[in-house]
1. Taking the Cα centre of segment B:95-167 as origin and charging only Cβ (+1 Lys, Arg; -1 Asp, Glu), how large is the dipole, in debye to the nearest 20?
2. Enumerate the amide H contacts of A:Q124 below 5 Å, restricted to partners 5 or more residues apart or on another chain; note that Pro and chain-start residues carry no placed amide H.
3. To the nearest 20 Debye, how big is the dipole of segment A:64-133 about its Cα centre, given +1 on the beta carbon of each Lys and Arg and -1 on that of each Asp and Glu?
4. Looking only at other chains, what is the average number of their beta-carbon atoms within 10 angstrom of each beta-carbon in A:68-75?
5. What shape does segment A:83-183 take by its C-alpha gyration tensor, where a ≥ b ≥ c are the square roots of the eigenvalues and a/c under 1.5 counts as rounded, a/b above b/c as prolate, and the rest as oblate?
6. For segment B:135-154, list residues with backbone N below 15 Å from a point placed 7 Å from the Cα of B:S114 toward its Cβ?
7. For segment A:64-110, rounded, prolate or oblate, judged on the Cα gyration tensor with a ≥ b ≥ c (square roots of eigenvalues), a/c < 1.5 rounded, else prolate if a/b > b/c?
8. Can you tell me how segment A:38-149 classifies by the Cα gyration tensor, rounded, prolate or oblate, using a/c under 1.5 as the rounded cut?
Protein chains: 2
Amino acid sequence: MNRTLPPSDSSEPGRARKRAASSVQEAIQQSRPFRSTGQEALIGLLLTADLVRRQLSAVVEPRGLTLQQYNVLRILRGANAHGLPTLEIAHRMIEQTPGITRLLDRLEEKKLVSRERCRVDRRQVLCHISTAGLELLAALDEPMNHADERLLSALSPAELTRLVRLLDHVRARTQANLDPSSPTRPT
Amino acid sequence: MNRTLPPSDSSEPGRARKRAASSVQEAIQQSRPFRSTGQEALIGLLLTADLVRRQLSAVVEPRGLTLQQYNVLRILRGANAHGLPTLEIAHRMIEQTPGITRLLDRLEEKKLVSRERCRVDRRQVLCHISTAGLELLAALDEPMNHADERLLSALSPAELTRLVRLLDHVRARTQANLDPSSPTRPT
DNA sequence: GGGCAATAGTTTATGTGTCAACTATTGTTT
DNA sequence: AAACAATAGTTGACACATAAACTATTGCCC
């Protein structure tokens with residue numbers, strides 16, 4: 001993407017737009033090359049993640065689930081028996097607090113999860129996956145695994161490992177940089 | 001959601017929640033390991049992209065823009081003078097058609113873009129970025145570049161290139177499997 | 001043991017994404 | 001020229017994300 005600082009900048013016409021460009025450049029049809037590899041990487045990351053999200057959504061959508069709902073069910077399946085308090089689910093997702101409530105509302109409407117006040121700490125609401133939920137997940141395991149494989153079939157095992165490592169690095173660094181002092185302190 | 005640990009949690013002694021695992025495993029706190037590296041890669045991809053999106057959103061949000069709105073402005077800045085028809089913008093984003101209309105509606109309300117019927121083909125609506133829009137973008141260039149660098153500062157140039165290449169591969173394969181009428185195909 | 005802050009969760013409001021159905025214009029066919 | 005399909009875009013309905021304000025419960029601590 002073009003990055004030029006002055007206010008009335010940029011956008012000169014007739015810029016050559018066909019060069020042996022990277023896939024990202026082609027995808028967004030920008031008329032200039034990237035300012036940096038980093039920028040290209042970020043855009044590639046977002047494009048790829050969107051593509052993956054779409055593909056995975058398409059797998060669960062026929063069963064009437066969104067990807068987020070599927071995720072909650074997976075979390076609950078993995079957490080079994082005792083159930084999980086609502087916010088614990090939110091923490092394990094990339095979800096904000098208010099979103100998880102309604103997400104669980106819809107799952108409960110579909111009888112895929114059940115909720116109950118915790119007797120020990122009555123502030124908490126414990127969530128469980130129902131038998132129907134488990135069955136639904138079971139039915140989705142196959143196609144989901146298949147989609148996973150298909151999506152990454154372009155990469156060799158070694159490349160996959162490298163990708164995982166690179167992504168881990170990015171997250172590790174960024175999360176370390178995040179403000180550790182939470183601003184949610186009314187004082 | 002940020003994985004920032006609660007400061008001195010210690011509410012329960014018996015609650016050891018750390019294990020020496022990959023960053024992804026730690027993040028989602030799944031009790032079992034991944035079935036495959038591919039799955040780990042996908043989840044890592046989604047987590048990382050979400051993180052990046054959040055960080056970049058935080059940069060444009062103080063100016064009252066969403067990341068998508070910012071993107072549209074960038075596209076329009078890059079597309080100069082003649083303006084772009086609505087759907088052309090949508091194609092350059094990962095946006096669906098209806099979304100772009102309302103997105104442009106909001107940008108127009110803020111006087112950041114203008115729209116007009118094309119006289120040649122009256123079905124089309126040509127979109128332009130306004131002077132105010134250009135100024136806003138200019139003001140965001142600096143912090144945006146800074147954020148880009150910060151986000152990927154963990155990776156060396158060589159690693160960045162590798163990441164770009166790996167992501168390109170994933171998209172290339174998947175999109176090839178997807179629909180043969182690729183919308184973003186210049187020459 | 002009464003006051004008060006932190007915690008767990010929900011509600012509300014707003015912005016947005018997406019699907020389906022719709023309008024308007026153009027191109028094509030006959 | 002009338003009919004019809006394709007194109008460009010909008011509108012409506014609904015799910016979702018996020019921030020802010022709210023309720024209920026618990027823990028603290030004096």
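Just so you know, all these numbers are worked out from the coordinates, no wet-lab data involved. All values derive from a computational prediction rather than experimental measurement. Using ideal geometry, Cβ is built from the backbone for each residue, glycine included, and neighbour counts are taken over all protein chains shown.
1. On the way: 12 positive and 12 negative charges, 93 e Å.
I would put it at about 440 debye.
2. Here A:C118 satisfy the definition.
3. Details: 12 positive and 7 negative charges, 22 e Å.
In debye, rounded to 20, segment A:64-133 gives about 100.
4. On the way: counts 0, 0, 0, 3, 0, 0, 2, 3.
Across A:68-75, the average partner-chain Cβ count within 10 Å equals 1.
5. Values: a/c = 3.20, a/b = 1.28, b/c = 2.51.
Oblate shape, in that a/c is at least 1.5 and b/c is the bigger or equal ratio.
6. B:135
7. Values: a/c = 1.41, a/b = 1.11, b/c = 1.27.
Rounded is the answer for segment A:64-110, as its axis ratio a/c remains below 1.5.
8. Numbers: a/c = 2.52, a/b = 1.52, b/c = 1.65.
Since a/c reaches 1.5 but b/c is at least a/b, the shape of segment A:38-149 is classed as oblate.
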